[in-house]
Amino acid sequence: MMLHAAKIDPAQNLLLAALSAEVLDRLLPRLKLIDMPRGRVLYEPGFRMENTYFPTHNCIVGKCYVTNEGASTGISVVGNEGMVGMSLLMGDGTHINQGTVLSPGQAFQLEQKLLKAEFDSNNELQRLLLRYAQAVITQTELAVACNRRHSIEQQLCRLLLLCLDRREDEEIWMTQELIANMLGVRREGVTAAANKLRVDGLIRYCRGHIKVFDRLGLEARACECYGVVKQEYDRLLP
């Protein structure tokens, strides 16, 4: 579903909000606000995207690497702090991973060729998006180490905290299957870890709806990876 342009408020995405009025005036007429239902696959490995997406508040997209056997491991999440489609700006626009909407919401859609033209000719946009790319690389590197070295419970806390940072409330709408895909573990492992957090009073989890009651408790149970990623995003982005 595509929404009327009059409802577009670029401040709903922090990257767009950081742009000068001059750059925004050129991009705004080209932005389209669209619905992003949970589970929608934005791109597959080997797919060349035609559009870039700037999620608004509460919409979260997960990037996973999927093996030939169908196993997946999450490498990063994107919310209203960023964009989906950096590959065109960094290379030829072809992905080796999969992008899936984890938490439903909306996003600003912009044709890749329009953003690429602005990126190539505008130093302000280049600096902003390259700093964002550095932050994403940090998240990706830490995800690789975290998935290999830390417990499922620590990984789950990290993922929940990253999602909370990209929402305006303490609720997350994400199925166990999507969580398992992001963590690269079996659903039974997610169930056990989530149940432990529930018993300890940190969350409530029912049919894809997670309500967080104790964020500080999650931070205490998470590994150091979350703190490093958050620090880098705060340092690099406006």
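Structure notes:
- Computed E for residue 9/residue 92 - FRET, C-beta separation, R0 45 angstrom, nearest 0.05: 0.90
- Cα long-axis angle, helix 123-149 against the chain (0 to 90 degrees, to the nearest 10): 20 degrees
- 5 Å-binned pair-distance histogram of segment 150-226 (Cα, whole percent): 3, 17, 32, 31, 16, 2
- Segment 184-222 versus segment 110-180: alpha-carbon centroid distance in Å: 20 Å
- The magnitude of the dipole of the chain, with charges of +1 and -1 set on the Cβ of Lys/Arg and Asp/Glu and taken from the Cα centre, is near 460 debye.
- Approximating the spin labels as points 7 Å out from Cα along Cα→Cβ, the residue 67-to-residue 20 distance works out to 4.9 nm.
- Residue 116-residue 200 pseudo-label distance in nm [points 7 Å out on the Cα-to-Cβ vector]: 4.7 nm
- In the chain, the sites counted are GluC sites (Glu not before Pro) in DSSP loop states with at most 12 other Cβ atoms within 10 Å, and the longest stretch holding none of them, exclusive of the sites, is 70-167.
- Table column - 3J(HN,Hα) (Hz), segment 196-211, Karplus curve with 6.51, -1.76, 1.60, x for Gly and Pro: 5, 5, 5, 4, 7, x, 7, 9, 10, 9, 8, 6, x, 10, 10, 10
- Listed residues 167, 40, 158, most fluctuating in the chain (Gaussian network, C-alpha, under 10 Å): 40
- At R0 = 25 Å, FRET efficiency that the Cβ-Cβ distance of residue 171 and residue 28 yields, to 0.05: 0.25
- The share of C-alpha pairs in segment 48-117 whose separation exceeds 19 Å stands at 34 percent.
- Lysine pair count for the chain with Cα-Cα distance under 26 Å and sequence separation of 8 or more or different chains is 13.
- Relative contact order, whole percent, for segment 186-238 stands at 18, derived from Cα pairs under 8 Å and 6 or more residues apart.
- In the frame of its principal axes, segment 5-145 has Cα extents of 47, 29, 24 Å, reported largest first.
No lab work stands behind these numbers, since they all come straight from the coordinates. Note that this is a predicted model, so its numbers are computed, not measured. With ideal geometry, Cβ positions are generated from the backbone for all residues, glycine too; neighbour counts draw on all protein chains shown.
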